[in-house]
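Input: a single structure, listed below in structure tokens.
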Amino acid sequence: MKKELSIPAILLRLHGLIWASLPGFFVLLNVLAVAHGLSWGLNTLVFQRFFDAVNQAVTGAGTPSAIYWQLAAVAGITFGGQILNGAHNFLTNIFGHKMMGFLSKEIYRKASRLDPIAFEDPAVLDDINKAHQGMGSCLHMLAVILFIFTTYLPYFLFMGWYLYSVKPSLALSIVIIFIPVALAQLIRTGVYTKLEDESAPLRREYEYYERCICHREYFKETRLLGAFTYFRRLYQDTLQIMQEKKWKAELRTGLLELATRVLTLVGYMGVLYMLFAALLQGEISVGAFAAIFASVDMMFAMAEEVVGMHIGTVTQNLGTVRNFLRFLEIPERTGKEVAVDPGKIILEGVSFRYPNSEKDAVSDINLEIYPGETLAIVGSNGAGKSTLVKLLTGLYLPTEGIVRFGGVPTNEVSPDSLFRRTSAVFQKYQRYQMTLGDNIAISEPEKEKSNELLHEAAQKGDLEPDSEAFPKGFETMLSREFDGVDLSGGQWQRVAIARGFYRNHDLIVLDEPTAAIDPLEETLIYRKFAEMATDKTAVIVTHRLGSARIADRIAVMDQGRIAAIGTHEELLRSGGIYAEMYHAQAKWYHRESPSAL
Ligand SMILES: Nc1ncnc2c1ncn2[C@@H]1O[C@H](COP(=O)(O)OP(=O)(O)OP(=O)(O)O)[C@@H](O)[C@H]1O
Ligand SMILES: [Mg+2]
């Protein structure tokens, strides 16, 4: 399923990212880098000339003034090289910071455009996890590759040309020495890519256990159940498997490195011997001998640095860079940007299956929701209610059939167009660590917060911002971590409902946001809601049939299908699951008069 990106493809893509972000800066950096690399090579050349001038002066074949000229050239190149070095490092650092900003923006931009269903797929979650890890590696790889191509490569090309002009076999032997090193690096790449692919699911696992132990959300239950040791053991076991995999990879690549280093050292000795022999046979000048002798060391150090250290760490991180690029390539959900008016919502033969799931969560749904109507969806746990509302809002696209949202198939238009006039309070709503006002107004993030609308929304959610629970009214911070207050489950649900109402909408979906609110209160909220929402389409998911009664129609779901649909009276009359459930629950509402039920 996952086709690996080749190294040239990776380089091309990284290049594309740079061009997209910093084209001018990139050109400047490259020009400077090439000049920097050439200055190292020129160093050897001017030293050779200097040594030759000294030798000639000593042997009486030259004049002392020639020495001064050559010395000036040496000083000029050395000084210029230092300036280039400083400027190059400085610009590389700035470049790194800028790219970091750009790449993180890319990650968030991408995550915001993924198809929501992607987040239900463990493979995509892995890629997202790995992408964050891969960003740093990408930057490092970019910096190294740039350095190799624009600084080391010009230097080696220059030195290759220089050595070749002095004695061709010298240039050739230096190239041969590096073949085993390069091969070893290829093997390393394979080892580390495999390691990264095997580690990501393990990392996700142990991070989850870590949360079960320390995170506030899980902590209370873990303590109460006495499950601390249990989770710690799971955490340690997973960590250990990961460490063992890492250790094996390190050992294999370590041994490989040792072998290649020995080979390189032997080659290095060979080159020094060749140089010495060439001098004795009069094939090269004393100056060339001295300059090459002095620079062979630097060349080896640099080649080692490039292949052993730089390419080594890059190949080690190649796996994570691939993950990052793969993440950027996950298909985004796109579609036409049109003004969609919810109007009528029609589901024709709709089935849906979650990624990696064996069976349909909902199957063969045919349903029409009329503008302005209130539809309740009821049914047992796992019947497919939440999945159905995600399909009819266009959040998920059906695997079979069509959902027409105001006449437009949901798979043809952009998610933004679909969601513009829809508000929803999902079963798993968010508790934002922000003020009460912000927690509500976040459903209209682009609009300026309006106090009047806040009060209106709070009233619809049956929330009292002036009560003791909110010491600073809408300005009350809803987070203990930020010196604020915490709310009860029912209060949080009211905040979530107020948030749903604050958003400008033609369609509102409430997926059991009232489970923690007592049944009588829930019925009151829904009744008030039904009175106010006469011109809006509303879909309410509830387990409490007393609340479902306020709806114009009720759809009863059973095992992914709509088992029955009709008004409360029709469904009661026809018997079936609904009548059964209703009679079982009716006793909850005995405080109210039967007519209010
Ligand atoms: N992310 C998921 N991946 C795979 N299967 C899922 C996922 N979410 C839900 N399902 C499955 O789809 C089916 C319908 O789930 P859904 O959440 O729509 O039910 P529901 O009627 O809303 O239940 P509840 O009353 O408990 O909220 C269930 O069998 C469930 O196991
Ligand atoms: Mg549900």
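The values are calculated or read from the model by the stated rules, or taken from the named source; none is laboratory data. Just so it is clear, the structure is predicted and the values come from calculations on it, not from any experiment. Don't worry about glycine lacking a Cβ; one is built from the backbone with ideal geometry, like all the others, and counts go over all protein chains shown. Only protein heavy atoms, including side chains, enter the accessible area calculation; ligands, DNA and RNA are left aside. Shrake-Rupley method; radii C 1.70, N 1.55, O 1.52, S 1.80 Å.
For F228, neighbours were defined as the other residues whose beta-carbon sits under 14 Å from its Cβ, and their charges (Lys and Arg +1, Asp and Glu -1) total +3. Note on surface exposure: D115, D486 rank D486, D115 by accessible area, highest first, 1.4 Å probe. From the Kirkwood radius over Cα pairs of region 426-504, Stokes-Einstein at 10 °C and 1.306 mPa s returns a whole-number translational diffusion coefficient of 130 µm²/s. On a per residue basis, the chain carries 51 Å² of accessible surface, using protein heavy atoms and a 1.4 Å probe. Taking all protein chains together and rolling a 1.4 Å probe, H140 ends up with roughly 70 Å² accessible. May I ask you to work out the translational diffusion coefficient for region 1-151 at 37 °C, viscosity 0.692 mPa s, via Stokes-Einstein with Rh from the Kirkwood sum over Cα pairs, reported in whole µm²/s? Translational diffusion coefficient: 173 µm²/s. Each of S104, A118, A288 was scored by the projection of its Cα onto the charge dipole of the chain, and the greatest displacement toward the positive side belongs to A288; charges sit on the C-beta of Lys, Arg, Asp and Glu. Bridges between two residues of the chain, per DSSP, are antiparallel at a rate of about 50%. Working from label points 7 Å from Cα in the Cα-to-Cβ sense, the E332 to E481 distance is 2.9 nm.
Other residues whose C-beta falls under 15 angstrom from the C-beta of G484 contribute a net charge of -2, scoring Lys and Arg +1 and Asp and Glu -1. Using C-alpha pairs below 8 Å separated by at least 6 residues, the relative contact order for the chain is 14 percent.
Region 243-264 and region 402-470 have their alpha-carbon centroids 55 Å apart. For region 387-464, the convex hull spanned by the alpha carbon atoms encloses 126 Å³ per residue. Principal axis extents of the Cα atoms in region 282-421, from largest to smallest and rounded to whole angstrom, are 99, 35, 21. Farthest toward the positive end of the dipole of the chain, out of A73, Q427, M477, is the Cα of A73, where the dipole comes from beta carbon charges about the Cα centre. Rolling a 1.4 Å probe over the protein chains gives E205 an accessible area of about 80 Å². Cα centroids of region 343-399 and region 37-92: 77 Å apart. Dividing the summed helix terms, -39500 (n - 2.57) for each DSSP H run of n ≥ 4, by the number of residues in the chain produces a 222 nm estimate of -20500 deg cm²/dmol to the nearest 500. Site pair I402 and Y354 shows an inter-label distance of 2.9 nm when each label is modelled 7 Å from Cα along Cα→Cβ. Against the empirical curve 2.2 N^0.38 Å, the C-alpha radius of gyration of the chain lands at a ratio of 1.41. For region 211-268, the percent of C-alpha pairs falling in each 10 Å distance bin, counted from 0 to the bin holding the largest distance, reads 20, 25, 18, 15, 12, 9, 2.
K336 contributes an accessible area of around 110 Å² to the protein surface, as traced by a 1.4 Å probe with all chains present. What does the charge add up to near G407, with Lys and Arg as +1, Asp and Glu as -1, over the other residues with Cβ less than 9 Å from its Cβ? Here the count lands on +1. Entry for region 133-225 at q = 0.13 Å⁻¹: log10 I(q)/I(0) = -0.72, Debye formula applied to identical alpha-carbon scatterers, no solvent contribution. Residue-normalised convex hull volume from the C-alpha trace of region 7-328: 154 Å³ per residue.
The share of C-alpha pairs in region 356-400 whose separation exceeds 11 Å stands at 73 percent. Filter the cross-link list K359/K390; K336/K449; K385/K428 down to pairs whose alpha-carbon distance in this structure exceeds 25 Å. In this structure, K336/K449 lie more than 25 Å apart at Cα.
In the frame of its principal axes, region 1-87 has Cα extents of 74, 27, 14 Å, reported largest first.
With all protein chains in place and a 1.4 Å probe, the accessible surface of the chain carries 59 percent carbon and sulfur. Placing +1 at every Lys and Arg Cβ and -1 at every Asp and Glu Cβ, with all other atoms neutral, what dipole size does the chain have around its Cα centre, in debye to the nearest 20? Here the chain has a charge dipole of around 1240 debye.
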